[in-house]
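Novice: Would you mind keeping the following structure in view while I ask a few things?
We did not get these values from a lab; they are worked out from the coordinates using the rules stated. These numbers were taken from a predicted model, which means no experiment stands behind them. Cβ: placed from backbone, ideal geometry, glycine included. Neighbour counts: every protein chain shown.
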Amino acid sequence: MKAEIIRKILVHLKDELASLSTAANNAHLAAIDDQSVAETQYDTLAIEASYLAEGQSRRVQALKRSIAELKALPLKRCQQVRLGSLVQLSQDCGENHWFFIASAAAGFRCETNGQQITVITPQSPMGSVMMEKSVDDDIQLLIGNNQLDDDIAAIK
């Protein structure tokens, strides 16, 4: 099941990478285009386009690293929540909802074998309280004005 979740996340990230690569290339072309040459000292179109191209290029590199990390993620079952863990909280048992811990694609949702999966990162509030926890461990998290008190029902 984890392999299927990772496959779906990779498809999502590769689509995002293709879109972002096109945007970065277009911003780079805009930065060097003859139409972008400054006509006055206040004309900053080329500078703005180059900043945009640089930022998008950095995001492209970050996505490539995330894809490589996801491909290398171990699929073995652990006793504690780690990267690559599939975690279910006790309140989510009736809804068959699980959380997959990954280094990227936070918020991505998919369904696998009738189970709703939400990807979270260890840096997220939910992910940070789950990391290193075991089955039956309590978690507490303040979400807005609401306090979440739950326990880990299962780890795959």
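Novice: For ASP151, which sequence-distant residues (separation of 5 or more, or a different chain) have an amide H within less than 5 Å of its own amide H, given hydrogens modelled in the peptide plane?
Specialist: Residues meeting the amide H criterion: SER90, GLN91, ILE139.
Novice: A follow-up question, please. Please list, in order along the range 97-111, the HN-Hα scalar couplings obtained from phi with the Karplus expression 6.51 cos²θ - 1.76 cosθ + 1.60 (θ = phi - 60°), rounded to whole Hz, x for Gly and Pro.
Specialist: So the Karplus estimates, Gly and Pro as x, are 9, 10, 10, 9, 8, 9, 7, 8, 6, 4, x, 5, 10, 8, 10 Hz.
Novice: Can you give the net charge of the other residues whose Cβ lies under 12 Å from the Cβ of SER134, counting K and R as +1 and D and E as -1? Display every interim value, and only then the final one.
Specialist: Working: positive: ARG82, LYS133; negative: GLU132, ASP136, ASP137, ASP138, ASP151.
Local net charge: -3.
Novice: What does the charge add up to near LEU13, with Lys and Arg as +1, Asp and Glu as -1, over the other residues with Cβ less than 13 Å from its Cβ?
Specialist: Working: positive: ARG7, LYS8, LYS14, ARG59, LYS64, ARG65, LYS71; negative: ASP15, GLU16, GLU69.
Net charge around LEU13: +4.
Novice: Taking the beta-carbon count within 10 Å as an exposure proxy, list LYS14, LYS76, LYS133 from fewest neighbours to most. The partial results should precede the final answer.
Specialist: Working: LYS14 12, LYS76 7, LYS133 17.
Going from sparsest to densest Cβ surroundings: LYS76, LYS14, LYS133.
Novice: Lys/Arg Cβ at +1, Asp/Glu Cβ at -1, dipole of the chain taken about the Cα centre: which of LEU148, ALA46, GLN116 is farthest positive-ward?
Specialist: So the residue we want is GLN116.
Novice: In the structure shown, do any of LYS64/LYS156; LYS71/LYS133; LYS8/LYS156 have a Cα-Cα gap over 22 Å, and if so which? Display every interim value, and only then the final one.
Specialist: Numbers: LYS64/LYS156 26 Å; LYS71/LYS133 24 Å; LYS8/LYS156 18 Å.
The answer is LYS64/LYS156; LYS71/LYS133.
Novice: Which entry in [x] 10, 31, 24, 16, 11, 6, 1; [y] 11, 36, 27, 15, 8, 2, 0; [z] 10, 35, 35, 15, 5, 1, 0 matches P(r) over Cα pairs in 10 Å bins from 0, in percent derived from the coordinates of this structure?
Specialist: Recomputing P(r) over Cα pairs in 10 Å bins from 0, in percent here gives the entry labelled [x].
Novice: Read phi for every residue in the range 122-129 and hand back ³J(HN,Hα) as whole Hz from Karplus 6.51 cos²θ - 1.76 cosθ + 1.60, θ = phi - 60°, with x for Gly and Pro.
Specialist: Here the 3J(HN,Hα) series is x, 7, 6, x, 5, x, 5, 7 Hz.
Novice: While we're on this one: How far apart, in nm, are the 7 Å Cα→Cβ label points at ARG59 and SER103?
Specialist: 2.0 nm
Novice: Near the amide H of GLY84, under 5 Å away, which other amide H atoms are found, from residues 5 or more places off or on another chain, if H is placed in the peptide plane?
Specialist: It is ILE101, ALA102, by chain and number.
Novice: What FRET efficiency would be calculated for the residue pair MET1, SER90, taking the C-beta separation as r and a Förster radius of 22 Å, to the nearest 0.05?
Specialist: Values: r = 20 Å, r/R0 = 0.90.
Computed FRET efficiency for MET1 and SER90 comes out at 0.65.
Novice: Quick check: pseudo-label points 7 Å beyond the Cα along Cα→Cβ at GLN123 and ALA72, how many nm apart are they?
Specialist: For the pair GLN123/ALA72, the computed spacing is 1.8 nm.
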